[in-house]
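Working notes, structure below.
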Amino acid sequence: MNDTFDVIVAGTGAAGLTAAITAHDGGAKVGLFEKADQVGGTSAWSGGHVWIPNNPHMVAVGATDSAEQALTYLMSLSRGTIEERLAEAFVDAGPEMVSYLDKAAGTDFYAVRGFPDYHPEHPGGLAGGGRTVECPLFAFDQLGEWADRVTPSPYFKTMNITMSETPLGAAVPSMPDAEEMQRRKIHDERGLGQGLIGRLLKACLDRGIEPVTSARVRRLTMTDGRVTGALVEVEGRTSQIQARRGVVLATGGFEWNEDYKRAFLRGPLTHPVSMQTNTGDGLYMAMKAGAMLANMREAWWIPVGELPPGVNRMNRFLLSGDRSRPRTIMVNREGRRFANEAANYNAFGGAFHVEDVSRFDYANLPCWLIFDHEYVRQYGSPGSGSAGIKESGDGQDSVKAADWLIAAPSLGSLAERLGIPAGNLTATVDRWNAQVSEGRDLDFQRGDSAHDRWWGDPAFKGTREATLGPIDTGPYYALPVQSGALGTKGGPRIDPDARVLDLDGEPIPGLYAVGNACGSPLGMTYGGAGGTLGPAMVFAWLAGRHLSR
Ligand SMILES: Cc1cc2nc3c(=O)[nH]c(=O)nc-3n(C[C@H](O)[C@H](O)[C@H](O)COP(=O)(O)OP(=O)(O)OC[C@H]3O[C@@H](n4cnc5c(N)ncnc54)[C@H](O)[C@@H]3O)c2cc1C
């Protein structure tokens, strides 16, 4: 293994690849190391949306924005968790990063039409979208032998689509027909996170940056207070690698490290949905080097449903669109609703951390998604991504729900199965149905926000009907819902060049952290679709640029 570089990048998610490309283009010789045996990290599992306010492609979808408006929006969500200079750096550099990668790395980003910000009614928020960009399909056969070395997503049934073609990613979903899908398979054209990672990986390979896989960056080496390299473990053997300019930690979060979760997080995170290799190695190395920490309590929260073995390789799914559709509510062990079920997933995490101080327990864990048979008929079982399974053609209602759901003929018997008060569940559903018929959720304002109206039933996109609907057709079903996250977002505190700061606020020379490996520059906020990859890639670009100076 080559043992001297200008820059070492640890991790091959979107953050690591972006830093590698940018540092190389600034004249650095880059060594890229990946702990897993495949590249791409959680970024390759993702939808590939990247949230960049004021991006150069917004005009094409009729959206307008400004740096001031974007900053107003972000700071309105801060609740004291954002350092304004970091938000400014993000807003200023984002459009440049997009133009740079389009030109230098062939990302070919375009703006997604209509996708609202996640808090569109906040000052500076955009209800009509435009801040989310994605890549077009990318032909994986261009990657040669590397095509099979990108980690496939467990969560999407096919990777040959863009997010914009799914009901979640488009105002008017347009899933390709069978003939088009066949055509895409010829050159293995992939969208989603695969399209993004495929393009960034190709840009690395074209530059002669070949990732070393199964290579875990273990420890930083320091000389006179400066990071000068790292110890990298490959197949049980440790090598000393020199980094003349610096090391970029792009190792993802610590959501798969029980000790770190216990030490830092504000509440339970039992069901991460990210790469299991994200065990907080970057956090460990940064702490050893004397880093100050930031945003440690936070994660990119998301409600998660469990699946029986064999449905996907993570045995879980992200509960997002499914819980926003009509004919669903969520209830706690009291059989009561406790939040706007269609709220954005990151904000929803807060509902799992609410305390019942009398009981000295979490108020809303455990909890369940409750829905009816008509839901299954129209949308399929949650997590299945398709309409209800039809068993026979005998003219009877032959729709069948997935057998791993908890089912009962009446709400009362469902409550009994869940061990929650039957009277409460029935009363909750009665009240929900009454409010649905009035057309307003007076309890939790579900459907009031442009966000909720986007994520529900695509046939009613933009209206309250997208998310409000009665629960009145038995049998009734329940799905236990767990507190999950796309990844944590606490880590070493960084400055606007992504340099890691020490306890006195001074940069630790030669050390950078980006993506979920650093304390998120955007605090606890999730601005819009692509809100994790956006800052990850912008600060990776800033790190690469700083390393080029
Ligand atoms: C289904 C799904 C859909 C999503 N959709 C979106 C979306 O559309 N938009 C969005 O913004 N976010 C989305 N997310 C979240 C997003 O994927 C992550 O927040 C993002 O990928 C984090 O990027 P990263 O580069 O920091 O980390 P990762 O992509 O997870 O990469 C970290 C890499 O570092 C490697 N690593 C760890 N330790 C070491 C070590 N010691 N040495 C070397 N390598 C190491 C890991 O193996 C991993 O490959 C989604 C997540 C999921 C699961």
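Of note:
- If only residues of the range 488-501 that are in contact with a Lys or Arg (Cβ under 9 Å, 6 or more places away or on another chain) and in a strand (DSSP E or B) are counted, the one that is surrounded by the fewest Cβ atoms within 10 Å (Cβ to Cβ) is Leu501.
- Residue match in the range 227-236 (condition: under 20 Å from the mean Cα position of the chain (by Cα), in a strand (DSSP E or B) and within 14 Å of the ligand (Cβ to nearest atom)): no
- Members of the range 1-18 that are more than 9 Å from the ligand (Cβ to nearest atom) and not in a strand (DSSP E or B): Met1, Asn2, Asp3
- Per this entry, Arg199 is counted among residues that are under 26 Å from the mean Cα position of the chain (by Cα), basic (Lys, Arg), assigned by TED's automatic domain parsing to the domain that holds Ala498 and not in a loop (DSSP other than H, G, I, E, B).
- Some residue of the range 124-132 being in contact with a His (Cβ under 6 Å, 6 or more places away or on another chain), assigned to a loop (DSSP other than H, G, I, E, B) and free of Cβ contacts under 8 Å to residues at least 60 places away in the same chain: yes
- In this structure, Trp454 qualifies as assigned to a helix (DSSP H, G or I), away from the ligand (no atom under 13 Å from the Cβ) and touching a residue at least 12 places away in the same chain (Cβ under 8 Å).
- Checked against the criterion of being of a type in the set (Ser, Thr, Tyr) and farther than 23 Å from Gly305 by Cβ, the candidates Thr467, Thr463 yield just one match: Thr463.
- So Tyr512, is it aromatic (Phe, Trp, Tyr), more than 12 Å from the chain's Cα centre (by Cα), modelled with pLDDT of 95 or more and not in a helix (DSSP H, G or I): yes
- Sole exception among (1) among the hydrophobic types (A, V, I, L, M, F, W, C); (2) surrounded by fewer than 24 Cβ atoms within 10 Å (Cβ to Cβ); (3) out of contact with any Gly (no Cβ under 6 Å at 6 or more places or on another chain); (4) modelled with pLDDT of 95 or more for Val248, by number: (2)
- Tally of residues being within 8 Å of the ligand (Cβ to nearest atom) and of a type outside the set (Val, Ile, Thr) across the range 532-549: 4
- Leading residue by the ranking (nearest to Thr277 (Cα to Cα)) among those in the range 142-161 that are among the β-branched types (Val, Ile, Thr) and within 11 Å of the ligand (Cβ to nearest atom): Thr151
- Qualifying positions in the range 494-531 - over 19 Å from Ala20 (Cβ atoms), within 10 Å of the ligand (Cβ to nearest atom) and of a type outside the set (Gly, Ala, Ser): Tyr526
- So Glu210, is it out of contact with any helix residue (DSSP H, G or I) (no Cβ under 7 Å at 6 or more places or on another chain) and part of a helix (DSSP H, G or I): no
- Filter pass, Ala63 being assigned to a loop (DSSP other than H, G, I, E, B) and more than 13 Å from the ligand (Cβ to nearest atom): yes
- Unmet requirement for Pro56, which otherwise passes all of (1) more than 16 Å from the ligand (Cβ to nearest atom); (2) touching a strand residue (DSSP E or B) at 6+ places or on another chain (Cβ under 7 Å); (3) not β-branched (Val, Ile, Thr): (2)
- Of all the listed residues (Gly41, Gly26, Gly16, Gly62), the sole one being under 29 Å from Ala170 (Cα atoms) and out of contact with any strand residue (DSSP E or B) (no Cβ under 8 Å at 6 or more places or on another chain) is Gly41.
- Residue count, the range 165-213 (criterion: over 20 Å from Pro154 (Cβ atoms) and within 11 Å of the ligand (Cβ to nearest atom)): 3
- Filter result for the condition that a residue is away from the ligand (no atom under 16 Å from the Cβ), outside any loop (DSSP other than H, G, I, E, B), assigned by TED's automatic domain parsing to the domain that holds Gly305 and modelled with pLDDT under 95, over Ala434, Ala459: Ala459
- Hey, Ala466 more than 23 Å from Ser274 (Cα to Cα), touching a helix residue (DSSP H, G or I) at 6+ places or on another chain (Cβ under 9 Å) and without any contact (Cβ under 8 Å) to a residue 40 or more places away in the chain or not: no
- Taken over the range 6-27, the residue count meeting the criterion of being within 17 Å of Val217 (Cβ to Cβ) and either among the small types (Gly, Ala, Ser) or surrounded by fewer than 24 Cβ atoms within 10 Å (Cβ to Cβ) (or both) is 9.
- Exactly one residue out of Ala44, Ala93 is small (Gly, Ala, Ser) and more than 16 Å from the ligand (Cβ to nearest atom), and it is Ala93.
- Tally of residues being in contact with a helix residue (DSSP H, G or I) (Cβ under 9 Å, 6 or more places away or on another chain) and either surrounded by fewer than 22 Cβ atoms within 10 Å (Cβ to Cβ) or in a strand (DSSP E or B) (or both) across the range 251-263: 2
The values are calculated or read from the model by the stated rules, or taken from the named source; none is laboratory data. Fair warning: this is a prediction, and the values are worked out from it, not measured in the lab. Every residue, glycine as well, gets a Cβ built from its backbone with ideal geometry; the counts of neighbours run over all protein chains shown.
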